[in-house]
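Quick note: the coordinates plus some simple rules give every number you see, no bench work behind them. Since we're looking at a predicted model, the values are computed, not measured. Neighbour counts are summed over all protein chains in view; Cβ atoms, including those assigned to glycine, are modelled from backbone coordinates with ideal geometry.
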Amino acid sequence: TVMIRLSGVGKRFDDDTVAVQDLDLEVLAGEMVVLVGPSGCGKSTTLKMINRLVEPTTGTIEIDGQDVTTADPVKLRRGIGYVIQQIGLFPHQRIVTNVMTVPLLYGESKAHARARAVELLELVGLDPERYADRFPHQLSGGQRQRVGVARALAADPPVLLMDEPFGAVDPIVRVRLQEEFLRLQRELGKTVVMVTHDIDEAVKMGDRVAVFAEGGRLAQYGTPAELLGEP
Ligand code: ADP
Ligand code: ADP
C-alpha cells in the first residue's frame, strides 16, 4: 500500500526561487526512500512539504490516503517523526526528559512517558543507566543523533522524515548509525523518507532512491540495483 503520495508537486518561494518542480513520488508503507542530489535541488523543501512546514504551490500530497492540506495539523504531525541534522535538544533538560517531551505534550502520564523514553533510549543503543540523566552537552555528536531518533520515535509515528540525520558525525560513527538505523527501521516497520547528498549512503540505505537534479526535478526513481544498472 502507498503511504505517501506526491502528485504534480511544485514549490515556488515568494522570491521566485523554484525549489521543486512537477514532482510525482510514491512511498510504500514500510519502505525506506532516500532523496539524493546536489545541494539546493529541493530535497529539504520536499521533506518540509510532506511535513507541512512548507506549503506546495502546486500539486497534492497524501499521507495514508489523506490530503495533508486538509488534515488536522496536530494529528498529521503526530503521525510523523522528524529528524534533522541539528536536532536541537533542550540543553537544560536531561536526555530522558528530552525524549519524554512529545508524549507528555500528548497527555501521557509522566511515569508512562518516562518508561517509554527509557525503552527508546535502549532501542537506539544508548544505555539508559549511563545516559538517561545526562545533559545533551555531555554526549557525543553521534549519541545526540541517537537521542534525536529516540525523540522522533516517541509518539510511535508510522512515518519518519529525516534530513541528513547522519551528516554531522564522523565517518566511522556514521556507518554504525546507518546500519543500526536500518535494522531499527525494518524491525519497527516504519515508512521513512530520508534526505542526503551522499550517493553511497543513498544506495546503501534506500529500498528506493529518488535522484533530484538542478531546478528541483526528479531525474530518476528506482531501486539501487536499477539505478546502478545491475541486472
Ligand atoms: P536541498 O535540500 O536539496 O539542498 P532545498 O530544498 O533546501 O535544497 O532548497 C531548494 C532551493 O530553494 C534552493 O535554491 C534554496 O535556496 C531555495 N529555498 C529553500 N528555502 C527557501 C525559502 N524559505 N525561501 C526562498 N528560497 C528557499
Ligand atoms: P524529570 O524527573 O522530569 O527527568 P528532573 O528531576 O530530572 O526531571 O529535573 C526537572 C527538570 O529540571 C528537568 O527538565 C531537568 O532536565 C531539569 N534539571 C534538573 N537538574 C538540572 C540541573 N542541574 N541543571 C539544569 N537543569 C536541570
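Is the range 137-195 best put as rounded, prolate or oblate by its Cα gyration tensor, with a ≥ b ≥ c the root eigenvalues, rounded for a/c under 1.5, and otherwise prolate when a/b is larger than b/c, oblate when not?
Working: a/c = 1.86, a/b = 1.46, b/c = 1.27.
It is prolate, given that a/c is not under 1.5 and a/b is the larger ratio.
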### Message
Using +1 at the C-beta of Lys and Arg and -1 at the C-beta of Asp and Glu, which of Ile87, Leu188, Phe135 has the Cα lying farthest in the positive direction of the dipole of the range 82-231?
### Response
Phe135
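Rounded, prolate or oblate: pick one for the range 36-96, where a ≥ b ≥ c are the square roots of the eigenvalues of its C-alpha gyration tensor, a/c under 1.5 means rounded, and failing that, prolate if a/b is larger than b/c, else oblate.
On the way: a/c = 2.83, a/b = 1.32, b/c = 2.15.
It is oblate, given that a/c is not under 1.5 and a/b is not larger than b/c.
Just how large is the dipole of the range 65-137 about the Cα centre, in debye to the nearest 20, putting +1 at every Lys and Arg Cβ and -1 at every Asp and Glu Cβ? Let's see the in-between values first.
Numbers: 9 positive and 8 negative charges, 36 e Å.
That gives the range 65-137 a dipole magnitude of about 180 debye.
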### Computed over the chain: relative contact order in percent, which uses C-alpha pairs under 8 Å that are six or more apart
29
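Output the peptides 59-70, 154-165, 16-27 sorted from most to least packed, where packing is the average of other Cβ atoms within 10 Å over each peptide's residues. Don't skip to the answer; put the middle values down first.
Numbers: 59-70: 15.5, 154-165: 20.7, 16-27: 17.1.
So the peptides 59-70, 154-165, 16-27, ranked by packing, come out 154-165, 16-27, 59-70.
Regarding the chain, what is the average projected area of its C-alpha convex hull, in nm²? Kindly include the intermediate steps, with their values, before the conclusion.
On the way: hull surface 52.6 nm².
Computed as one quarter of the Cα hull surface, the answer is 13.2 nm².
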#### Entry: Over the chain: helical MRE at 222 nm, DSSP H runs n ≥ 4 each giving -39500 (n - 2.57), nearest 500
-10500 deg cm²/dmol
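Cβ neighbours within 10 Å, averaged per peptide: list 132-142, 97-107 in order, most packed at the top. Display every interim value, and only then the final one.
Details: 132-142: 14.4, 97-107: 18.7.
Most protected by this proxy first, the peptides run 97-107, 132-142.
Ratio to report: Rg/Rh of the range 102-231, with Cα atoms as the point set and Rh obtained by the Kirkwood method; give two decimals. Write out the running numbers ahead of the final one.
Details: Rg = 16.7 Å, Rh = 16.3 Å.
Computed over Cα atoms, the ratio is 1.02.
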## Note on the structure
So, with points 7 Å from each Cα along the Cβ direction, the Lys110-Thr60 label distance in nm works out to 4.6
### Task
Mind putting together the pair-distance distribution for the range 8-77? All Cα pairs, 5 Å bins, whole percent per bin, short to long.
4, 15, 27, 26, 18, 8, 2, 0
### Task
Apply the membrane-span-like helix rule to the chain: whole DSSP H runs, Cα extent along the own long axis of at least 20 Å, mean Kyte-Doolittle hydropathy at least -0.5. List the helices found.
171-188
### Message
With both bridge residues required to lie in the chain, what share of the DSSP beta bridges run antiparallel, to the nearest 5%?
### Response
50
### Task
Give the Debye-formula value of log10 I(q)/I(0) at each listed q (0.13 Å⁻¹), with one equal scatterer per alpha carbon of the range 1-121, two decimals each.
-0.66
### Message
I'd like the distance between the alpha-carbon centres of the range 1-58 and the range 60-98, rounded to an integer number of Å.
### Response
16
### Task
Could you name the lysines whose alpha carbon sits less than 16 Å from that of Lys11, not counting residues in the same chain fewer than 8 places away?
Lys43, Lys48
### Task
Please report the orientation-averaged projected area of the range 90-176, defined via the convex hull of its C-alpha atoms, in nm².
5.8
### Task
About the Cα centre of the range 60-187, how large is the charge dipole given +1 on each Lys and Arg Cβ and -1 on each Asp and Glu Cβ? Please answer in debye to the nearest 20.
420
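About the Cα centre of the chain, what is the dipole size in debye to 20, counting +1 per Lys and Arg Cβ and -1 per Asp and Glu Cβ, all else neutral? If you can, show how the numbers build up before the last one.
On the way: 26 positive and 32 negative charges, 172 e Å.
Result for the chain is approximately 820 debye, rounded to the nearest 20.
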